[in-house]
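What follows is a short report on a single structure.
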Amino acid sequence: QVHLVESGGGSVQTGESLRLSCGASGLTYGPYDMGWFRQPPGKGREFVAGDSYNGDRTFYADFAKGRFTVSRDNTRNTLYLQMNSLKPEDTAFYYCALYHVRLSSKEDAVDFWGQGTQVTVSS
């Protein structure tokens, strides 16, 4: 069974940075396309960024472009999300996602989810 464990969330001030990590275990094959979603308070889950299995393709939601960077270390089975210039509207629960088939911004394309990590940005 695949397990995804996120870490690195926390509370920061506007303009500060955080780096989220997602460790994957229980992978039989791989690596796989992976990504990040988030769920702001009172809202649905939304795509943030994704990285292809070999790191040669990355995709970002418009709000993440220029501020967030997704990367991975396949030797450690770990996905990262570097978040800079954080804003209060970035406050959300951030989830790691793994795709068996192909990276997508749609939730129903995700095969495994992490338990999430809270990011809070105060003004």
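Among the residues of segment 83-98, is any without any contact (Cβ under 8 Å) to a residue 40 or more places away in the chain and open to solvent by 30 Å² or more (accessible area, probe 1.4 Å)? The answer is no; no qualifying residue exists. Among the numbered criteria (1) touching a residue at least 12 places away in the same chain (Cβ under 8 Å); (2) more than 13 Å from Val119 (Cα to Cα), which single criterion is violated by Gly44? Here Gly44 meets the rest and fails (1). Give the residues of segment 73-86 that are touching a strand residue (DSSP E or B) at 6+ places or on another chain (Cβ under 6 Å) and not hydrophobic (A, V, I, L, M, F, W, C), sorted by residue number. Asn77, Thr78, Tyr80, Gln82 - these are the residues of segment 73-86 that are touching a strand residue (DSSP E or B) at 6+ places or on another chain (Cβ under 6 Å) and not hydrophobic (A, V, I, L, M, F, W, C). In the condition set (1) surrounded by fewer than 18 Cβ atoms within 10 Å (Cβ to Cβ); (2) at pLDDT below 95; (3) not charged (D, E, K, R), Gln118 is compliant with all but (2). If the condition is being under 15 Å from Ala109 (Cβ atoms) and hydroxyl-bearing (Ser, Thr, Tyr), then segment 1-57 contributes Tyr32, Ser52, Tyr53. Take segment 79-89 and flag every residue that is farther than 16 Å from His3 by Cα and touching a Ser or Thr at 6+ places or on another chain (Cβ under 9 Å). Scanning segment 79-89 gives Leu81, Gln82, Met83, Asn84, Ser85, Leu86, Lys87, Pro88. The lone criterion from (1) surrounded by 14 or more Cβ atoms within 10 Å (Cβ to Cβ); (2) more than 26 Å from Val121 (Cβ to Cβ) left unmet by Ala49 is number (2). Being hydroxyl-bearing (Ser, Thr, Tyr), touching a strand residue (DSSP E or B) at 6+ places or on another chain (Cβ under 7 Å) and open to solvent by 50 Å² or more (accessible area, probe 1.4 Å): is that true of Ser21 here? Considered against the rule, which asks whether it is hydroxyl-bearing (Ser, Thr, Tyr), touching a strand residue (DSSP E or B) at 6+ places or on another chain (Cβ under 7 Å) and open to solvent by 50 Å² or more (accessible area, probe 1.4 Å), Ser21 comes out as no.
Quick grid of which residues meet (1) touching a helix residue (DSSP H, G or I) at 6+ places or on another chain (Cβ under 7 Å); (2) within 28 Å of Gln13 (Cβ to Cβ); (3) among the β-branched types (Val, Ile, Thr):
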residue	(1), (2), (3)
Arg45	yes, yes, no
Ser52	no, no, no
Arg57	no, no, no
Lys65	no, yes, no
Asn74	no, no, no
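Given the structure, is Tyr60 of a type outside the set (Val, Ile, Thr) and open to solvent by 30 Å² or more (accessible area, probe 1.4 Å)? Yes, satisfied.
Each residue in segment 68-105 was checked for being at pLDDT 95 or above and farther than 15 Å from Ser52 by Cα, and 15 pass.
The values are calculated or read from the model by the stated rules, or taken from the named source; none is laboratory data. Here the structure is a predicted model, which is why all the values come from computation and not from measurement. Glycine also receives a Cβ, built like all others from the backbone with ideal geometry; neighbour counts cover every protein chain displayed. Ligands, DNA and RNA are excluded from the accessible area calculation, which covers all protein heavy atoms including side chains. Shrake-Rupley method; radii C 1.70, N 1.55, O 1.52, S 1.80 Å.
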